Amino acid sequence: MTIADRFAPAACPRLVVKIGSALLVDPAGAIRRDWLAGIVADVAERVRAGQQVAIVSSGAIALGARRLGLAKGGRASLEDAQAAAATGQIGLSHAWAELLHAEGLTAAQMLVTLDDLEDRRRYLNASATLDRLLALGVVPVINENDSVATEEIRFGDNDRLAARIAQASGAQGVILLSDIDGLYTANPQRDPAATLVPVVEEIDARIRAMADGGSASGMGSGGMVSKLAAAKIAQTGGAHLAIVSGKRDRPLSAFVADGRGTLFVARPSTSARKAWLAGRLTARGWIVVDPGAVEALRQGASLLAAGARRVEGAFARGDVIEIADEGGGPIARGLSEYDAADARRIAGRRNDAQAELLGYAPRAALVHRDHLVLL
Ligand code: GLU
């Protein structure tokens, strides 16, 4: 058994495959058509074997930059990136549609922004569309809607987008095809002694220390840090994620043949709503809690005001907030029962002291365990 078996049609009825810019677009800025035909043949084989496959495709900015003659691969400014994305996306979709069609498959395009997936209602909409498309046997080709996304509200990298799409579509697996064949113990370009890590159960400080920022090719915006962030989202959502080399023809077949890559093992899945909560990228504020509360949260308890040390940010009741330990490490995420001002008022106080401070009967917790997910 290799790690590729986890992504076989029987084990993984729904799969998301993410393809990095450097694989799709050559250094001169043209689509690598032969390579693309190869991955499409791989996808077609899987669809024929009964697997539903969604593709998250980068490359719009890299491709558009060349057509427009923009410097720095179109990433010199946000306006350049938006113009490059708008120009490149049309060519990218065309190539996907044509090659999928040649394999007898129907392509569909979805362009999404961060907000589309952070807002619960819009997330459910996107999720329903994906579900319908996949059930119809269509291959959705997804990218960030970079032409309207602004710096503050962007994914910016398609690694996390792919993990989020896996959650939204209820996929059991995500394969990130990259210009590197997995996570190494150190950056292999700088440290020749670095070795590939085949399996990661838990992304802890040791694993995080292995990754450094930036995209090796300089074409995409990914790099190992965003891949680890994606892996965490996938794991928490109950999906396996693999980082696999795309630098070969028919990369999915090659993965099946040699099983090479890094597998991030899925955690037992939580409810869909909690998975959405865990995968959110933005929070309106955070609460720092004492060690006793950290322990209680890990045992499945609600967050009580007594365990809160500090309340940061401006949030309203019902907003998503993060819960951190005293070292600042994120522990959990949840929906606040109070707005920030009231949360600050009762932080560190026991239940019997709260009514007087608030002027109304307190709720049972700052964050109820039904609206809370451990990270
Ligand atoms: N959405 C970007 C594009 O299509 C790519 C983001 C990334 O590099 O991950 O060009």
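The values are calculated or read from the model by the stated rules, or taken from the named source; none is laboratory data. Keep in mind the model is a prediction, meaning the values are calculated, not measured. Counting neighbours? That spans all protein chains shown, and the Cβs are built from the backbone with ideal geometry, glycine included. All accessible areas refer to the heavy atoms of the entire protein, side chains included, with ligands and DNA or RNA removed. Shrake-Rupley method; radii C 1.70, N 1.55, O 1.52, S 1.80 Å.
Every listed requirement among (1) touching a residue at least 40 places away in the same chain (Cβ under 8 Å); (2) open to solvent by 40 Å² or more (accessible area, probe 1.4 Å) is met by V43 save one, (2).
Tell me, please, whether a residue that is open to solvent by 10 Å² or more (accessible area, probe 1.4 Å), in contact with a Pro (Cβ under 7 Å, 6 or more places away or on another chain) and either part of a helix (DSSP H, G or I) or touching a residue at least 40 places away in the same chain (Cβ under 8 Å) (or both) can be found in segment 278-289. No, segment 278-289 contains no residue that is open to solvent by 10 Å² or more (accessible area, probe 1.4 Å), in contact with a Pro (Cβ under 7 Å, 6 or more places away or on another chain) and either part of a helix (DSSP H, G or I) or touching a residue at least 40 places away in the same chain (Cβ under 8 Å) (or both).
Applying the criterion of at least 1 residues that are modelled with pLDDT of 95 or more, small (G, A, S) and open to solvent by 60 Å² or more (accessible area, probe 1.4 Å) to the helices (runs of 4 or more DSSP H) found wholly in segment 178-271 leaves 251-258.
In segment 307-314, is there at least one residue being in a helix (DSSP H, G or I) and surrounded by 14 or more Cβ atoms within 10 Å (Cβ to Cβ)? The answer is yes, given that some residue of segment 307-314 is in a helix (DSSP H, G or I) and surrounded by 14 or more Cβ atoms within 10 Å (Cβ to Cβ).
All conditions but one from (1) under 26 Å from V47 (Cβ atoms); (2) open to solvent by less than 20 Å² (accessible area, probe 1.4 Å); (3) within 12 Å of the ligand (Cβ to nearest atom) apply to V139; the one that does not is (3). If you scan segment 104-115, which residues turn out to be open to solvent by less than 40 Å² (accessible area, probe 1.4 Å), free of Cβ contacts under 8 Å to residues at least 40 places away in the same chain and touching a helix residue (DSSP H, G or I) at 6+ places or on another chain (Cβ under 6 Å)? Passing the criteria: A107, A108.
Among the residues of segment 148-161, is any part of a helix (DSSP H, G or I), open to solvent by 10 Å² or more (accessible area, probe 1.4 Å) and under 15 Å from M110 (Cα atoms)? Yes; the residues of segment 148-161 include at least one that is part of a helix (DSSP H, G or I), open to solvent by 10 Å² or more (accessible area, probe 1.4 Å) and under 15 Å from M110 (Cα atoms).
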